Each structure stands twice: as structure tokens, then as C-alpha cells.
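Novice: Just passing along the structure, written as C-alpha cells.
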């Protein structure tokens, strides 16, 4: 991850303030170390500033909505049609999920889980 000089300066200043406010010696040392990381531009150590992930595009978010809505519609139609219920297994019309071994699909899964469990947007 690359940070601009301005972003590094902001993070450096935050760690200076946190160092002054910290009561524990270990915390003070950590914030002192992070000041050095941002001041010197040690990019490999930037992971320390937060567990941020790559963004999921608006297009990808819409795709997740479409997939979930499609399977929701399929299940609703299957549930309301006796002929389909007797000829098609329930699990054929239920979404089997995203591939968690694939980095891209894992992000799609995370967003779907967020929609369903955290925001209660989809059934």
C-alpha cells in the first residue's frame, strides 16, 4: 500500500498525540515506532495502520444484490409451485454461495454476508 506524504504526515501526527496520551510504556513505544515507520516511509510496515481491505466496486455490489435476488425469486417460485416442488430438489434453487478460496469471490461473499446478517436487507 502506498501513502502520500500528506497521509504519512497525518498518521505520524496521530501517533505523536497517541504517544503523549498513552499511559502504558508498551503503548508509548509502539506509537514511537509507528512514527518512525511513517516518517521514514517504510511501506512494508504500513499494515500496522489499519486492517483495510481493497474496495468492492459499485458494479460488484450490484452484482451481489442481483445474484441474491435471483435466487430469492427462484426459491419463492419453487416454493409456490407444487409441480416444481415434486420434480426439483430444494437445494437446486437455493444459492450455494461464493467460492471462499477465490479472493474476488470472497469479497463478494463478505458483502453478501454484510447485507444479510448486518443490514438485514435481504431474506
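Bear in mind these aren't lab numbers, they're just calculated from the coordinates by the rules spelled out. Small disclaimer: the values here were computed from a predicted structure and weren't measured. Here the Cβ is made from the backbone with ideal geometry for all residues, glycine too, and neighbour counts use every protein chain on show.
Novice: Would you please classify the overall shape of segment 58-118 from the alpha carbon gyration tensor, given that a ≥ b ≥ c denote the square roots of the eigenvalues, rounded means a/c under 1.5, and beyond that prolate means a/b larger than b/c while oblate covers the rest?
Specialist: Note, shape of segment 58-118 comes out prolate.
Novice: Just to be sure I understand: if I project the alpha-carbon convex hull of the chain onto a plane and average over all orientations, what area do I get in nm²? Intermediate values should be presented prior to the final figure.
Specialist: Details: hull surface 45.1 nm².
Orientation-averaged projected area of the Cα hull: 11.3 nm².
Novice: Also, I was wondering about something else. What distance in nm separates the two pseudo spin-label positions at residue 59 and residue 43, each 7 Å out from Cα along the beta-carbon direction?
Specialist: Placing both labels 7 Å beyond Cα along the Cβ direction yields 2.6 nm.
Novice: Taking the chain as the reference, fit the longest principal axis to its C-alpha atoms, fit the long axis of helix 5-21 to the helix C-alpha atoms, and give the angle between the two in degrees, 0 to 90, nearest 10.
Specialist: Computed tilt is about 70 degrees.
Novice: What angle do you read, to the nearest 10 degrees and between 0 and 90, between the alpha-carbon axis of helix 25-40 and the longest principal axis of the chain?
Specialist: For 25-40 against the chain, the angle is about 90 degrees.
Novice: Run the quick spin-label model on residue 75 and residue 20: label points 7 Å from Cα toward the beta carbon, then report their separation in nm to one decimal.
Specialist: According to this spin-label approximation, the distance is 5.4 nm.
Novice: Which whole-angstrom value gives the distance between the alpha carbon centres of segment 81-107 and segment 5-45?
Specialist: 47
Novice: Next question. How big is segment 5-49 along each principal axis, measuring the range of its Cα positions in Å and listing the largest first?
Specialist: The principal-axis extents, from largest down, are 28, 18, 14 Å.
Novice: Quick one: helix 58-80 against the long Cα principal axis of the chain, what's the angle to the nearest 10°, folded into 0 to 90?
Specialist: 30
Novice: Which value in nm describes the separation of the simple spin-label points at residue 90 and residue 4, placed 7 Å from the Cα toward the beta carbon?
Specialist: Rounded to a tenth, the inter-label distance reads 5.4 nm.
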